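The values are calculated or read from the model by the stated rules, or taken from the named source; none is laboratory data. Worth saying up front: this structure is predicted, and the values here are computed from it rather than measured. Quick reminder, even Gly has a Cβ in these numbers, built from the backbone with ideal geometry, and neighbours come from all protein chains shown. Surface areas here come from the heavy atoms of the whole protein model, side chains and all, with no ligands, DNA or RNA. Shrake-Rupley method; radii C 1.70, N 1.55, O 1.52, S 1.80 Å.
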Amino acid sequence: QVQLVESGGDLVQPGGSLRLSCTASGISFHWYTMAWYRQAPGKQRELVATITRSDAANYGDFVKGRFTISRDNAKKMVYLQMNSLKLEDTAVYYCKAELFSAYYWGQGTQVTVSS
């Protein structure tokens with residue numbers, strides 16, 4: 001059974017930082033492209049960042065150098081370091097594992113940026 005479990009979401013002030021984690025089980029993690037998506041209330045889910053099995057990273061335009069995605073294949077984990085958080089970063093953040101036509105989602109973790 002495939003499971004992706006996110007953690008690290010919290011309430012943080014504007015300008016603050018958070019580190020999200022996603023732990024995978026039930027997949028050959030090192031083969032998968034891992035991604036973070038987010039969905040704010042009333043908005044579509046959008047891509048935040050991806051990292052391939054060869055550690056190539058890509059980011060959504062709105063990230064603008066504030067976030068960093070990384071992975072630890074030995075631990076089957078992917079991380080999202082978020083700095084300089086803004087009010088508009090408030091969303092549920094989801095972890096996704098992708099390999100060709102197969103994909104799996106986590107249940108999400110809430111990030112709230114508020115003063």
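A few comments on the model shown:
- Scoring residue 66 on the criteria (1) of a type in the set (D, E, K, R); (2) within 30 Å of residue 115 (Cβ to Cβ); (3) touching a strand residue (DSSP E or B) at 6+ places or on another chain (Cβ under 6 Å); (4) without any contact (Cβ under 8 Å) to a residue 60 or more places away in the chain leaves a single failure, condition (3).
- There is at least one residue in segment 101-110 that is without any contact (Cβ under 8 Å) to a residue 24 or more places away in the chain and of a type in the set (A, V, I, L, M, F, W, C).
- Flag if residue 63 is at pLDDT below 95, of a type in the set (A, V, I, L, M) and under 14 Å from the mean Cα position of the chain (by Cα): yes
- Qualifying positions in segment 1-57 - closer than 13 Å to residue 77 by Cβ, among the β-branched types (Val, Ile, Thr) and without any contact (Cβ under 8 Å) to a residue 60 or more places away in the chain: 23, 51
- Output for segment 18-55, where each listed residue is more than 28 Å from residue 87 (Cα to Cα) and open to solvent by less than 70 Å² (accessible area, probe 1.4 Å): 24, 25, 26, 27, 28, 29, 32, 33, 52
- Among the residues making up segment 62-102, those that are among the aromatic types (Phe, Trp, Tyr), within 16 Å of residue 46 (Cβ to Cβ) and in a strand (DSSP E or B) are 67, 93, 94.
- Scanning segment 75-102 for residues that are of a type outside the set (S, T, N, Q) and at pLDDT below 95 yields a total of 2.
- Selection count, segment 94-115, where residues are open to solvent by less than 60 Å² (accessible area, probe 1.4 Å) and farther than 23 Å from residue 31 by Cβ: 6
- Flag for residue 91 being hydrophobic (A, V, I, L, M, F, W, C) and surrounded by fewer than 14 Cβ atoms within 10 Å (Cβ to Cβ): no
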